[in-house]
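Inspection log for the structure reproduced underneath, given as structure tokens.
The values are calculated or read from the model by the stated rules, or taken from the named source; none is laboratory data. Predicted model only: the values in this text are computed from it and were never measured. No Cβ is skipped: glycine too gets one built from the backbone with ideal geometry, and neighbour counts run over all protein chains shown. These area figures cover heavy atoms from the full protein model, side chains too; ligands, DNA and RNA do not enter into them. Shrake-Rupley method; radii C 1.70, N 1.55, O 1.52, S 1.80 Å.
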Amino acid sequence: MYDITIIGCGVIGASIAYSLSAYDLKILILEQENDIAMGTTKANSAIIHAGYDPEPGTLIAKLNVRGSEMMEELCRKLSVKYDRIGSLVLGFNEQDRKHLEKLYDNGMKNGVPGLKILTGDEARERDPHLTKAVTCALYAPTAAIIDPWGLAIAEAETAVRNGAELHCSAKVTGLEQKEKSVVLHTAAGDFETRYVINCAGGWAGEICALTGKEEWESQLARGEYYLMDKSSGSLAKHVIFQCPTEKGKGVLVAPTVHGNLIVGPNAAPVEDPYCRETTLAGLDEVAEASRRSIDGIDLRQCIRNFAGVRAIISEPDFVIRPAAGCPCMLHVAGIKSPGLSAAPAIAEYAIEQLQAMGLSFVKKDSWIDTREQIRFKELSQEEKQEMIRKDPRYGRVICRCETITEGEIVAAIHSPVPPCSIDGVKRRAGAGMGRCQGGFCGPRVLEILARELGISPFDVLQDGEGTKLLISETKGGTAV
């Protein structure tokens, strides 16, 4: 029997697993996809909010500010890309300025440091490509950019190294309550556990319904994005927002930790968490809004469009509480923006709730709380030569756009939470992240995956289940 089972391994589930792995507990993580970080965690704005937007006194406000405070040190420990570049919320008229003043007041009440309202000219001094239409801006120096799936993967890997057990392709299909435990029926078999944490994101309502109670209504929203080539990466120096509306924080323009520029999202209601298609109307909406913020955005430099679905529910605040229909289940649901920013603080708060529910916590004598990832292109020349001397595979560049070596790809494949697909390698090692989006290195990554996993090239996936790339064979035996 497990002490605790986490359903869902996006950044929230992974953060909780990482924090729980410091304690003497038998931990199980169940993920319905064939890899972790496959939902909102891999399709979002990749930013850490300062905390001026949430209403003071809410759980969102408390955990946003606390999470932002924790994130830099956490990323340093786990070798996750992070850059505290600050943010600007732009105003274009007097009504917007009044809204910025409200955000400033919120931020002061929430304990956000360094907030300042700027004139349009002061904002352009900080970010020269802002349009002349900008008349004012709210500056928040503690906002940051991050690698969101990198954080989830690092935390899950570290939890597994500390003894947590992870099962992918393990969708939860049923729940049977016993006197002091729960049996979870999944696609990977049945698992008995004393406590359950519902971190299922867009599917959290389905897990809740398995308890016999429906505690909220899902109100999912899809957001569409442009990812721009690195040639556009310097167009914004900060995370650039416009004044938020009832639909959310609106279209942003921001650099990424990988050197690109991200533009988006819009907000369109959807019924299904898998509704991740991009639309002409949605992308046109994003493009038009972005041009109000930044001069010179050339959307022809887009290297990828994508969409993510936000796990919005009918309750305005985060839902982190015991389930009404299952006393040993903790809901961690409705984790919309700023969920990524709040993730480490959500993990802290979830542990407090579990303690109140009766779970005992005893610290381990030794806990691995760090992880190191080698990024070959960031090493000094001497360090590169030493790496190649130890392992010649680090001298073979596979992804030319991002300068990712075979050694890095092989290390990712044999990590504690290994990838099972080409995109899984991309999220871990970066191969395929560049301008050609895997057009050059994809076939070579496929070969390496097949070789290292000991499987046929015909069984290698692009990403999720059902995405095999090779479907036939020539007479000579060459896969096509």
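Numbers for the structure displayed
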read-out	value
Filtered residues of the range 1-18 (kept if closer than 22 Å to Pro273 by Cβ and either modelled with pLDDT under 95 or part of a helix (DSSP H, G or I) (or both))	Val11, Ile12, Gly13, Ala14, Ser15, Ile16, Ala17
Residue match in the range 58-67 (condition: among the aliphatic types (A, V, I, L, M) and assigned to a strand (DSSP E or B))	no
Filtered residues of the range 19-43 (kept if touching a helix residue (DSSP H, G or I) at 6+ places or on another chain (Cβ under 6 Å), in a loop (DSSP other than H, G, I, E, B) and not charged (D, E, K, R))	Ser21, Ile36, Ala37, Gly39
Within the range 12-43, tally of residues that are open to solvent by 10 Å² or more (accessible area, probe 1.4 Å), within 20 Å of Gly163 (Cα to Cα) and hydrophobic (A, V, I, L, M, F, W, C)	2
Qualifying positions in the range 73-103 - in a helix (DSSP H, G or I), in contact with a strand residue (DSSP E or B) (Cβ under 6 Å, 6 or more places away or on another chain) and open to solvent by 20 Å² or more (accessible area, probe 1.4 Å)	Arg97
Matching residues, the range 415-431, being under 20 Å from Gly454 (Cβ atoms), touching a helix residue (DSSP H, G or I) at 6+ places or on another chain (Cβ under 7 Å) and open to solvent by 10 Å² or more (accessible area, probe 1.4 Å)	Ser415, Pro416, Ile422, Arg428, Ala429
Odd one out for Ile398 among (1) within 26 Å of Glu31 (Cβ to Cβ); (2) outside any loop (DSSP other than H, G, I, E, B)	(1)
Single condition Pro418 does not satisfy, out of (1) outside any helix (DSSP H, G or I); (2) under 23 Å from the mean Cα position of the chain (by Cα); (3) closer than 24 Å to Thr256 by Cβ; (4) not charged (D, E, K, R)	(3)
Options Ile303, Ile294, Ile346, Ile312: the member that is closer than 30 Å to Val112 by Cα, open to solvent by 10 Å² or more (accessible area, probe 1.4 Å) and either modelled with pLDDT of 95 or more or touching a helix residue (DSSP H, G or I) at 6+ places or on another chain (Cβ under 6 Å) (or both)	Ile312
Within the range 150-256, strands (runs of 3 or more DSSP E) holding 3 or more residues that are open to solvent by 20 Å² or more (accessible area, probe 1.4 Å), out of contact with any Pro (no Cβ under 6 Å at 6 or more places or on another chain) and at pLDDT 95 or above	165-167, 172-177, 189-198, 221-228
